[in-house]
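Below: the structure, in structure tokens.
The values are calculated or read from the model by the stated rules, or taken from the named source; none is laboratory data. The model shown is predicted, which means the values in this text are computed figures rather than measured ones. With ideal geometry, Cβ positions are generated from the backbone for all residues, glycine too; neighbour counts draw on all protein chains shown. Side chains included, ligands, DNA and RNA excluded: accessible areas come from the protein's heavy atoms. Shrake-Rupley method; radii C 1.70, N 1.55, O 1.52, S 1.80 Å.
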Amino acid sequence: MSDFYRLSDEEQAVRLTELARVALQRWPGDYSAVTLIKYRENAVFSALGPDGRKVAVRVHRHAYHSNDALRSELQWMQALGRDGIEVPPIIPTSDGDIFAIVAVPGVPEPRQVDVLGWMAGVPAGSSEEGLEADEDGAERLFFGAGALAARMHDQVKAMALPEGFTRHAWDDDGLIGADPFWGRFWELEQLTAEQHDLLQQARASARDDLAAFGKHADNYGLIHADFVPENLLVEDGRLKLIDFDDGGYGWHMFDLATALYFNLDHPAYDRMERALFEGYRSVRALPDADGALLPLFMFLRSTTYLGWVQTRPETQTAKELGPMLIERACLVARRYLDDRAQAGAAA
């Protein structure tokens, strides 16, 4: 293992900041004030462009996405922007490329770097702290979020994909297969035997339910896959969407479950869930049978977070959030299995 990966997050961030500064030389003009904003998967920086406007600089995690997959993500964002969905604009390099590959001595491998226009607005909340809204505000927010998700899903359905377009899939293999995209969640060391068995039981049931649900253009396509409050920016009542790093193929219900997942304890949760579905249905159809699968997709969403912790136990995020993520995963797994049993009894 490279010495870089033995460094603390803070020490790694210092080296990645230098990489960001060097990378910005590939873009026209002089950039300044490179400042770390977030370091989780990618290292995200703000910087001031030659015209004084703020931009976002993403130094990507090594080997998470191929060059073709990253290009596809940025092309999708460009298409969404052309269709009137407010997403960060892509700022091309001096050579007209939409990202660059950059190396510096302090980082052991070249990194993909892209530069995005800064999006004005305030995050609707965070996974850790919840929503920045009262109950009425939360209801309005989730109606808007549902409508935004529906517009995005409609855009994808009509979009002509560029040649070579490729993204990962949040499908049955990617979520609950032998080697899920974010990790083998059932191997998380912190799980008790009882918790492990519960998750495996829900996993087996989910496999059957996903097979019955199937995949077609009305329920499956490109999804954002990180549709959480911190990626929804609010400005003058308008919602904007950022952070498409996890975007790939998946069921539309996965986006709706993601929007709700970290708000299960909110006092207005029932109103938020109802508003999310109403907002979605104000734009595109969502059959009652699809909406009834929310407990399934809540469970599927939970598995990804446990897989993330299982493959990154050394991170501060895993250490801080691991116990809460396990507790919540078991909660939604039990609710899913109970709901499934009740539906079977009613049938």
TODO: Give the number of residues within segment 1-29 that are acidic (Asp, Glu) and within 19 Å of residue 97 (Cβ to Cβ).
DONE: 0
Task: Of all residues in segment 189-231 being out of contact with any His (no Cβ under 9 Å at 6 or more places or on another chain) and of a type in the set (Ser, Thr, Tyr), the one that is nearest to residue 173 (Cα to Cα) - done: 205
Task: Residue count for segment 103-119, restricted to those that are acidic (Asp, Glu) and surrounded by fewer than 16 Cβ atoms within 10 Å (Cβ to Cβ) - done: 1
Task: Residues of segment 1-42 satisfying the condition of being under 13 Å from residue 111 (Cβ atoms), of a type in the set (Val, Ile, Thr) and either in contact with a helix residue (DSSP H, G or I) (Cβ under 9 Å, 6 or more places away or on another chain) or in contact (Cβ under 8 Å) with a residue 40 or more places away in the chain (or both) - done: 22
Task: segment 189-211: number of residues that are part of a helix (DSSP H, G or I) and without any contact (Cβ under 8 Å) to a residue 24 or more places away in the chain - done: 7
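Only one of these is closer than 26 Å to residue 233 by Cα, assigned to a strand (DSSP E or B) and within 23 Å of the chain's Cα centre (by Cα): 34, 57. Name it.
Working: 34 fails: within 23 Å of the chain's Cα centre (by Cα).
Result: 57 is the single residue among 34, 57 that is closer than 26 Å to residue 233 by Cα, assigned to a strand (DSSP E or B) and within 23 Å of the chain's Cα centre (by Cα).
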TODO: Kindly indicate whether any position in segment 252-264 is open to solvent by 20 Å² or more (accessible area, probe 1.4 Å), within 15 Å of residue 299 (Cα to Cα) and at pLDDT below 95.
DONE: yes
TODO: Of all residues in segment 38-50, count the ones that are modelled with pLDDT of 95 or more and open to solvent by 20 Å² or more (accessible area, probe 1.4 Å).
DONE: 2
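Keeping to segment 127-169, report how many residues are in a loop (DSSP other than H, G, I, E, B) and not β-branched (Val, Ile, Thr). Walk me through it before giving the result.
Residues of segment 127-169 that are in a loop (DSSP other than H, G, I, E, B), as a first pass: 127-129, 132-134, 159-168.
Next cut, not β-branched (Val, Ile, Thr) only: 127-129, 132-134, 159-165, 167-168.
Total meeting the criteria: 15.
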Open item on the list: Just to confirm my filter: which helices (runs of 4 or more DSSP H) fall fully inside segment 212-312 and include at least 2 residues that are in contact (Cβ under 8 Å) with a residue 60 or more places away in the chain and of a type in the set (Val, Ile, Thr)?
Closed with: 294-311
Open item on the list: Tell me the residue from 129, 86, 135, 109 that is of a type in the set (Asp, Glu), at pLDDT 95 or above and closer than 30 Å to residue 280 by Cα, please.
Closed with: 86
Task: Filtered residues of segment 44-66 (kept if among the aliphatic types (A, V, I, L, M) and within 14 Å of residue 102 (Cα to Cα)) - done: 57, 59, 63
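Conditions tested, residue by residue: (1) more than 23 Å from residue 276 (Cβ to Cβ); (2) open to solvent by 20 Å² or more (accessible area, probe 1.4 Å).
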site: 121; (1), (2): no, yes
site: 125; (1), (2): no, no
site: 142; (1), (2): no, no
site: 148; (1), (2): no, no
site: 169; (1), (2): yes, yes
site: 177; (1), (2): yes, no
Open item on the list: Tell me the residue from 131, 175 that is over 19 Å from residue 74 (Cα atoms) and touching a His at 6+ places or on another chain (Cβ under 7 Å), please.
Closed with: 131
Open item on the list: Just to be sure I understand, how many residues within segment 191-212 are among the hydroxyl-bearing types (Ser, Thr, Tyr) and farther than 13 Å from residue 340 by Cα?
Closed with: 1
- [ ] For segment 11-24, state whether one or more residues are farther than 27 Å from residue 94 by Cβ, charged (D, E, K, R) and surrounded by fewer than 18 Cβ atoms within 10 Å (Cβ to Cβ).
- [x] yes
